[in-house]
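The values are calculated or read from the model by the stated rules, or taken from the named source; none is laboratory data. Since this is a predicted model, take the numbers as computed values, not measurements. We place every Cβ from the backbone using ideal geometry, glycine too, and count neighbours over all the protein chains shown. Surface accessibility is based on the protein's heavy atoms, side chains included, excluding ligands, DNA and RNA. Shrake-Rupley method; radii C 1.70, N 1.55, O 1.52, S 1.80 Å.
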Amino acid sequence: SAGGPWTLAALSATSMAGPLCVSNHKSQCVQTIGAAVSAAMPGDTIRVLPGVYAEEVTVTEPLTIIGTGKNGRAVIIDATGLDHAIYVTGVTSGPVVIEKITAANANREGILVESSTGVTITGNTVADNDKALSGTACPGSFPFDQEDCGEGLHLLASADCVVTNNIVASNAGGILLTDEIGPNHDN
């Protein structure tokens, strides 16, 4: 596509020069959080400007993702029709920080941290998730999650994680720590 390779080169250069920015209304920023995560190098910081981002963000390497909303302006990941708003998986080589983000409307968990260590979830709002829950069944979920789709925020087989100063409300459940696929400890 026109500008495709140039865009990726520009993203890589941006990540080396300083934090990546994400905005769905400023042309000098990446348009989606997922695109910024894909372009980022391990250890990079991604600053997300206020807006609604319709996506599921998957993090597989050490990163910091910070919402920059002030005075009631929020960064919202609207995961309508998707499994999760934020999915951190397999990160064991450095810290992940998720801060000042609203994770909403996911079919399962708003935030799922799976098989990872050193993840900090702070100052976020996790609300109105577990949308796939119908009666006592949650299609597509693990067998042990059938009655709740995984709660609003779920640490699964993860260690040394910090969950602090978050608002977790209006989900089928709150914060869940489980170890069905591996040990979950020191959180």
Do we find a residue being farther than 22 Å from residue 167 by Cα, open to solvent by less than 60 Å² (accessible area, probe 1.4 Å), part of a helix (DSSP H, G or I) and modelled with pLDDT of 95 or more anywhere in segment 41-49? no
Determine if segment 115-138 includes at least one residue that is touching a residue at least 60 places away in the same chain (Cβ under 8 Å) and more than 18 Å from residue 60 (Cβ to Cβ). no
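Only one of 150, 140, 81 is open to solvent by less than 20 Å² (accessible area, probe 1.4 Å) and touching a Lys or Arg at 6+ places or on another chain (Cβ under 9 Å); which?
Details: 140 fails: open to solvent by less than 20 Å² (accessible area, probe 1.4 Å); 81 fails: open to solvent by less than 20 Å² (accessible area, probe 1.4 Å).
Exactly one residue qualifies, and that residue is 150.
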